[in-house]
């Protein structure tokens, strides 16, 4: 893709600022992007999810060791929205991974404020979020793109949809978050281990 799109972004959030914003939205019955009762309710739940995962998530030793070996400066940019359930489940984990090495700069942007950006990183033609773009700061090369959810959970979503083509959205979401709870962040940590290993081998 043309990295000019990445360079044209004029406002980003640190993880801590993003977390505070989501919590403030929840307290004020607000949300990012288009306002709706559903999205406001989702933002409120996500604020609690983010707090819980921040407290409970521990990055495994193999991934910690791998992260410690990164010497090239990387820019990790996450595209998300405060109402995004997968974002609430995954972004706190990604933030903990990035925080382990000062060579990784993590920033977040809202999807609906950057449609030209998300349109460069569609998932099967959809503007699915969250999406993480990992870029090498010295070469501008995109090392990898991750998202919108761990493959193991995505496979379960596709299987459930196949077996229950008329499944209600609320029921699907309930199952997704049950899988996240059972997984305990292991799938996303495993995927980042694989992604970072591939960078080191290149």
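The values are calculated or read from the model by the stated rules, or taken from the named source; none is laboratory data. Source: prediction; values computed, not measured. Counting neighbours? That spans all protein chains shown, and the Cβs are built from the backbone with ideal geometry, glycine included.
Is it true that some residue in the range 42-54 is over 20 Å from the mean Cα position of the chain (by Cα) and under 28 Å from residue 178 (Cβ atoms)?
no
Taken over the range 143-201, the residue count meeting the criterion of being outside any helix (DSSP H, G or I) and either over 24 Å from residue 121 (Cβ atoms) or free of Cβ contacts under 8 Å to residues at least 24 places away in the same chain (or both) is 6.
Might you check whether a residue that is touching a helix residue (DSSP H, G or I) at 6+ places or on another chain (Cβ under 7 Å) and either without any contact (Cβ under 8 Å) to a residue 60 or more places away in the chain or more than 18 Å from residue 190 (Cα to Cα) (or both) occurs anywhere in the range 52-68?
Taking the range 52-68 as the starting set, the residues that turn out to be touching a helix residue (DSSP H, G or I) at 6+ places or on another chain (Cβ under 7 Å) are 53-54, 57, 59-60, 62-63, 66-67.
Within this subset, residues satisfying the condition of being either without any contact (Cβ under 8 Å) to a residue 60 or more places away in the chain or more than 18 Å from residue 190 (Cα to Cα) (or both) are 54.
Checking the range 52-68: at least one residue is touching a helix residue (DSSP H, G or I) at 6+ places or on another chain (Cβ under 7 Å) and either without any contact (Cβ under 8 Å) to a residue 60 or more places away in the chain or more than 18 Å from residue 190 (Cα to Cα) (or both).
None of 6, 21 is outside any strand (DSSP E or B), modelled with pLDDT of 95 or more, under 17 Å from residue 109 (Cβ atoms) and touching a strand residue (DSSP E or B) at 6+ places or on another chain (Cβ under 9 Å) except 21. Comparison of 198, 162, 174, 166 shows that the only residue that is closer than 16 Å to residue 68 by Cα and modelled with pLDDT under 95 is 198. Does residue 89 satisfy the criteria of being part of a helix (DSSP H, G or I) and either out of contact with any helix residue (DSSP H, G or I) (no Cβ under 8 Å at 6 or more places or on another chain) or at pLDDT below 95 (or both)? When the stated conditions are applied, residue 89 does not pass them.
If you go through the range 95-127 and keep only what is within 18 Å of residue 32 (Cβ to Cβ) and in a helix (DSSP H, G or I), you end up with 95, 111, 112, 113, 115, 116, 117, 118. Considering the range 68-118, and only residues there that are under 11 Å from residue 131 (Cβ atoms) and out of contact with any strand residue (DSSP E or B) (no Cβ under 7 Å at 6 or more places or on another chain), the residue that is surrounded by the most Cβ atoms within 10 Å (Cβ to Cβ) turns out to be 90.
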